[in-house]
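S.K.: Okay, handing you the structure first.
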Amino acid sequence: MSEKKFLSGDEAVAQGAWEAGCHVAAAYPGTPSTEILEAVVGYPDIYCEWSTNEKVAYEVALGASMAGARALYASKHVGLNVAADPFFSSAYIGSHGGLVVVTADDPSMHSSQNEQDNRYYGIAAKVPVLAPSDSQECKDFTKLAFEISEKFNIPVIVRLTTRTSHANGVVICEDRKSLPVKGYEKNVQKNLILPMFARKLHASLEERMLALKEYSDETEINRIEQGTEKAGIISDCVSYTYAKEVYPEAWHLKLGMSHPLPEKKVRELASKVEKIFIVEENDPVIENAVKAMGIDCIGKEKVPRVLELNPDRLREAFFGKKHEDIDTGDVPGRPPALCPGCTHRPVFEILSRLRPVITGDIGCYTLGALPPLNAMDTCVDMGASITAAHGIRKALDQTEDAKQKQKKVVAVIGDSTFFHSGMTGLANVAYNQSNVTVVIMDNRITAMTGHQQHPGTGKTLMGKSTVELDTTQVAKALGIKHVYEVDPYDYKKTKEVLKEAIALEEPSVVITKRACPLYDRTQWEKPYWVNEDECIGCKTCIRLGCPAISFKADKKKSYITPVLCTGCSVCSQVCPKGAIHAAEDKDN
């Protein structure tokens, strides 16, 4: 029985996994892929989990596949970097149960640190890459990926981009295909990657890829669409929809499987047109492959290789003109900021005053780098705050500059990120005795991606109560002697603890623990207000960067917008004149 639903690409992937008879799904949250597992958990018959990190998630899915289950792994593009080690080995191993690898790229870096193109992973690991262009294909290609995986004994990448992940469309949904878990069969020569076995597996993988090249030319998801002009366009993913909108008269080769490339169909298109354009986001992956075939084509000399494509950018690339712009008026920019009442804000305000070197990490707290807090110096990847701090400290210990040698180094990391990849870094700090302070900003949830559970929350993705890892005990178990825990809303105590920890000449950990105010609204208090008669306009409260606090230039006084204030009281604590009061003080 079929029905129509209005789904995002991420939701459609979840629907496709369910219809395909998927048994196990594992992921770590990260935009633009987060909603896949959030949708999967709503379907019966699939075990799903937020794993501690992407490598763990991939190995969970791979293990399930080894036991004959259909398994799905999902992450954003940089998440596959974390899972790259088992991913490459899994290509040799193949799949007993279908193994689908969903990777969501992020052109324009809407919520990411780079614009890497994960089609390269398919080329490097020698696995096929499917490229859906809309929500319907996200569902259909996920189902197809399971079939290809089992038919060719290989993991299959389903590559999304931000637009395919988040755009909604009508999807024709069907019933679930009921498949039993095949069960585990011992096969050491297939599942145990020793050199003596891996050499044979590599040869087998090359044979499987040759068979997939033939499949790529035969499959209907790679199709030539006839045009009325002598121009041909080769495109994949959402780029195809843009190309069809901008240049409908051209011939189109739509690549639903972008790797291996359907070379026969590429040559067939080349025989019918005078000029070939390659339309693809990010890198010239298809373009390079077509040129390697000896076929002239026009690609990145016209189509931008940076930022997300859209019809206007493509229209300008082809025809030198944009669609008629919509007049939005003079809209002021709106820089990102920590939310009102954010538990990280007082910590950053204090650190900015203490002026250590502050190495940062991936999370809400990355916004602490921006004005007016200016309290973060580095951000590389998940967990790098602790390891970078250690490296900086060891380098400064060797400098001959006395001022440099005396610099203090502080790493800031969130609770979810600490469990993701911070624990090994902290163990390294303890083991190698690095004089750094690690601040674990524990807001009790994975906040940045929309409040997902993690090993420190006591709840699983499926809503079950479970063991709750204690950051204080974990830090001590990893070898840190000096571990402090403080409520960041207690400004004075937090400042005292941070100063004490940073002054030590050995490793220390400060855990600032309070739930994200958007996750736990029960802690909200009545809004605070500014007594203008007492306010001297010093802007000390403005330094906090709280969206609820503004400055009236005409009166030279601060003002708190009541509907934005969560009543955290931090502004009241930092005000040197005591001009900021709780609501009940105003009533009295």
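Quick note: the coordinates plus some simple rules give every number you see, no bench work behind them. Fair warning: this is a prediction, and the values are worked out from it, not measured in the lab. Here the Cβ is made from the backbone with ideal geometry for all residues, glycine too, and neighbour counts use every protein chain on show.
S.K.: Please work out the Cα center distance from segment 124-151 to segment 432-480, rounded to the nearest Å.
M.R.: Computed from Cα coordinates, the inter-centre distance equals 35 Å.
S.K.: Give me Val285, Val60 sorted ascending by neighbouring Cβ count inside 10 Å, so fewest comes first. Please list the in-between numbers first.
M.R.: Numbers: Val285 23, Val60 20.
By the 10 Å Cβ count, ascending: Val60, Val285.
S.K.: Now, a different point. To make sure I understand, if each residue's beta carbon is the centre and we count other beta carbons within 10 Å, what order do Tyr559, Tyr92, Tyr431 fall in, fewest to most? Could the numbers behind the result be given before it?
M.R.: Numbers: Tyr559 16, Tyr92 21, Tyr431 11.
In increasing order of surrounding Cβ atoms, one gets Tyr431, Tyr559, Tyr92.
S.K.: Students often check this: by mean Cβ neighbours within 10 Å, which of 140-152, 97-109 ranks highest, and how do the rest follow?
M.R.: Values: 140-152: 22.5, 97-109: 26.4.
Ranking, from highest mean packing down: 97-109, 140-152.
S.K.: Please report the relative contact order for segment 198-357, taking Cα pairs under 8 Å with a sequence separation of at least 6, and give it as a percent rounded to a whole number. Please report the intermediate quantities before stating the final value.
M.R.: On the way: 199 pairs, mean separation 29.3, N = 160.
Relative contact order for segment 198-357 comes out at 18 percent.
S.K.: Starting from the Kirkwood radius over alpha-carbon pairs of segment 345-521, derive D by Stokes-Einstein at 37 °C in a medium of 0.692 mPa s and give it in µm² s⁻¹.
M.R.: On the way: Rh = 16.2 Å.
For the chosen part, D equals 203 µm²/s.
S.K.: Follow-up question, since we're still on this one. Any chance you could get the radius of gyration and Dmax over the Cα atoms of segment 26-80, in Å?
M.R.: Computed over the Cα atoms of segment 26-80, radius of gyration and Dmax are 10.6, 30 Å.
S.K.: Would you work out which of Val306, Ala402, Ala292 lies farthest towards the positive end of the dipole of the chain, given +1 charges on the beta-carbon of Lys and Arg and -1 on that of Asp and Glu, about the Cα centre?
M.R.: Ala402
S.K.: Consider just the alpha-carbon atoms of segment 524-587 and return their Rg together with their Dmax, both in angstrom.
M.R.: Expressed in Å, the Cα Rg and Dmax of segment 524-587 come to 10.4, 31.
S.K.: Hey, could you grab the Kirkwood Rh for segment 455-581? Inverse mean 1/r over distinct alpha carbon pairs, Å, one decimal.
M.R.: Values: mean 1/r = 0.0580 Å⁻¹.
Result for segment 455-581, one decimal place: 17.3 Å.
S.K.: I need the semi-axes of the equivalent ellipsoid of segment 218-267: take the C-alpha gyration tensor, multiply each eigenvalue by 5, square-root it, list largest first in whole angstrom.
M.R.: Numbers: eigenvalues 62, 32, 12 Å².
Ellipsoid semi-axes (Å, largest first): 18, 13, 8.
S.K.: Sticking with this one: Can you list the equivalent-ellipsoid semi-axes of segment 224-319, largest first and in whole Å, using the square root of 5 times each Cα gyration tensor eigenvalue? Walk me through the numbers before you get to the answer.
M.R.: Values: eigenvalues 65, 47, 28 Å².
Semi-axes from the Cα gyration tensor: 18, 15, 12 Å.
S.K.: Taking just the alpha-carbon atoms of the chain, what radius of gyration and Dmax come out, in angstrom?
M.R.: In order Rg, Dmax, the Cα atoms of the chain give 26.9, 85 Å.
S.K.: What's the magnitude of the charge dipole for the chain around its Cα centre, counting Lys and Arg as +1 and Asp and Glu as -1 at the beta-carbon? Answer in Debye, nearest 20. Before the final figure, lay out each step's value.
M.R.: Details: 69 positive and 77 negative charges, 237 e Å.
In total the dipole reaches around 1140 debye.
S.K.: On a straight-distance basis, which lysines could pair with Lys300 in a cross-link, Cα separation under 17 angstrom, same-chain partners fewer than 8 positions away excluded?
M.R.: Partners within reach: Lys275, Lys291.
S.K.: Shifting gears a bit: Between segment 207-278 and segment 34-89, what's the alpha-carbon centroid distance in Å?
M.R.: 31
S.K.: Among Ser416, Tyr73, Ser352, whose Cα sits farthest toward the positive end of the charge dipole of the chain (+1 at Cβ of Lys/Arg, -1 at Cβ of Asp/Glu, about the Cα centre)?
M.R.: Ranked along the dipole, the leading option is Ser352.
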